[in-house]
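As structure tokens, the structure follows; a few thoughts come after it.
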Amino acid sequence: MQRSLKVVTRSPEETRILGAALAPTLLPGDVLSLSGDLGAGKTVFVQGLATALGVTGRVTSPTFTILHEYDGRYPIMHLDVYRLDSFQEIIDLGFEEYFDPRAVVLIEWGEAVEQLLPRRHLRIELRRSEDIEADDDRLVVFKPRGEDWVRKVLAMRDTAEALLDAASPDPSTGSRFEVVTSAREDGPRRKEA
Ligand code: ADP
Ligand code: MG
């Protein structure tokens, strides 16, 4: 049984709020894998998260350098594996060494290295809305792998709900979040070389 949590954000700020709401649940050794096309909001999410973990400098996509390291409450390793063309290149890089147990590890395009991720991790998928009228809508789906992550994601939801309501009170009642239960797990995926 697989549980995931869906929410639609309506601005970059709302996506940052999700990252900020997840931050207090994180501990060293935690690994997050972010998926979604260019411009989906992966880096924006990381910005909210990193700031809430006490990072004061600028947080930008490490697309060309592969790794950015920040000092927050814990060390943060921010990876973007988009430019790694082949799985072999990732292995050659000694990718596993990035999983520093003292750090929180955030990987953009993490699906490309799915097989190298620890079994317990959080997958976050971001997608532009199909609704052309709403350029700033993003569907964000949290897919916890492991019970710890289910707990963290639900804690994130409660915090995010309060923060989102405070930022822009929504006249419609009810939660913006939807828990989706599916029977089977997604298989391992990777970007084709
Ligand atoms: P990625 O890292 O996935 O390639 P970025 O986070 O760098 O994407 O960029 C996302 C872009 O989309 C930014 O320019 C941001 O301002 C814009 N944007 C618009 N609406 C949203 C939203 N709801 N959430 C996140 N970003 C949004
Ligand atoms: Mg990015």
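The values are calculated or read from the model by the stated rules, or taken from the named source; none is laboratory data. No experiment lies behind these values; they were computed from the predicted model shown. A quick note on method: Cβ atoms are made from the backbone with ideal geometry, for glycine too, and the neighbour counts reach across all protein chains shown.
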Kindly evaluate residue 93 against the criterion of being farther than 24 Å from residue 155 by Cα, away from ligand 1 (no atom under 15 Å from the Cβ) and not polar (S, T, N, Q). yes
Count, please, the residues in segment 15-50 that happen to be crowded, with 18+ Cβ neighbours inside 10 Å, at negative phi and in contact with a helix residue (DSSP H, G or I) (Cβ under 7 Å, 6 or more places away or on another chain). 18
Looking at segment 15-60 only, could you name the residues that are in a loop (DSSP other than H, G, I, E, B), near ligand 1 (Cβ under 8 Å from one of its atoms) and in contact with a Lys or Arg (Cβ under 8 Å, 6 or more places away or on another chain)? 36, 37, 39, 40, 41
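Condition first: among the charged types (D, E, K, R) and within 24 Å of residue 40 (Cβ to Cβ). Now tell me which residues in segment 66-117 satisfy that.
69, 80, 83, 85, 89, 108, 111, 114 - these are the residues of segment 66-117 that are among the charged types (D, E, K, R) and within 24 Å of residue 40 (Cβ to Cβ).
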With the requirement that a residue be among the aliphatic types (A, V, I, L, M), surrounded by fewer than 21 Cβ atoms within 10 Å (Cβ to Cβ) and touching a helix residue (DSSP H, G or I) at 6+ places or on another chain (Cβ under 8 Å), what does segment 118-162 give you? 155
In this structure, is residue 70 away from ligand 2 (no atom under 13 Å from the Cβ), buried (at least 21 other Cβ atoms within 10 Å of the Cβ) and more than 15 Å from the chain's Cα centre (by Cα)? yes
Here the qualifying pairs (Cβ atoms under 8 Å; residues six or more apart or on different chains; first in segment 162-176 and modelled with pLDDT of 80 or more; second among the β-branched types (Val, Ile, Thr) and not in a helix (DSSP H, G or I)) come out as 176/7; 176/8
Among all residue pairs at least 6 apart or on different chains, which show Cβ distances below 9 Å where the first residue, located in segment 1-28, is within 14 Å of residue 48 (Cβ to Cβ) and touching a residue at least 12 places away in the same chain (Cβ under 8 Å) and the second is among the polar types (S, T, N, Q) and assigned to a strand (DSSP E or B)? 15/9; 16/9; 17/9; 18/9
Among what's in segment 92-122 and is charged (D, E, K, R) and in a loop (DSSP other than H, G, I, E, B), pick the residue that is nearest to ligand 2 (Cβ to nearest atom). 100
